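Worksheet: one structure, shown below.
The values are calculated or read from the model by the stated rules, or taken from the named source; none is laboratory data. Everything numeric in this text was worked out from a predicted model, so none of it was measured. When we count neighbours, we look across all protein chains shown, and the Cβ atoms used for this are built from the backbone with ideal geometry, even at glycine.
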């Protein structure tokens, strides 16, 4: 079962399943894989700050500043041990043809870093795949304990545990 993580939203799964973002663009995906407790989550956001939260037909599209604390709180509620988890930051890509108002990559990265630096994540547990000149998507396969990045039509295995 593949669960799509929409822009401005997060999903958390336990035991089995696959989480996958749409293509990230200048947006960022923060992925968490807690191997010990078999829990995974992804938060995918487009805009950095609270004032950019959008409500479209009753669906709230969260910014990084609004959604990251909610996502981290929900991860803790379901038993994730963040300091022992694999953490992935993906996206924040740039394009020569993008209008400047869509070039939010640097701001989006600053927001995610501001939350993660408080968590004291060990360097060996942090995977960064950012600033590509093309679209990427993040995927976490909880059944296999794998984290993948889709880029240019191919999947790159970022981390695998196979339990």
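Does residue 162 qualify as being at pLDDT below 90, farther than 24 Å from residue 47 by Cα and either surrounded by 12 or more Cβ atoms within 10 Å (Cβ to Cβ) or touching a strand residue (DSSP E or B) at 6+ places or on another chain (Cβ under 8 Å) (or both)? Judged against the criteria, residue 162 is a match. Here 7, 36 are screened, and the one residue that is closer than 21 Å to residue 143 by Cα and outside any helix (DSSP H, G or I) is 36.
Tell me, which residue of region 40-68 that is part of a helix (DSSP H, G or I) and within 13 Å of the chain's Cα centre (by Cα) is surrounded by the most Cβ atoms within 10 Å (Cβ to Cβ)? Per the criteria, the residue is 64. Give the residues of region 70-82 that are surrounded by fewer than 20 Cβ atoms within 10 Å (Cβ to Cβ) and in contact with a helix residue (DSSP H, G or I) (Cβ under 7 Å, 6 or more places away or on another chain), sorted by residue number. Selection gives 82 alone. Does region 5-24 contain any residue that is modelled with pLDDT under 95 and crowded, with 21+ Cβ neighbours inside 10 Å? Taking every residue of region 5-24 in turn, at least one turns out to be modelled with pLDDT under 95 and crowded, with 21+ Cβ neighbours inside 10 Å.
Of the residues making up region 5-39, those that are farther than 14 Å from residue 135 by Cα and more than 12 Å from the chain's Cα centre (by Cα) are 13, 14, 15, 16, 17, 18, 34, 35, 36, 37, 38, 39. Taking the conditions exactly as written (at negative phi, over 14 Å from the mean Cα position of the chain (by Cα) and touching a residue at least 12 places away in the same chain (Cβ under 8 Å)), does residue 149 satisfy them or not? Answer is no for this residue.
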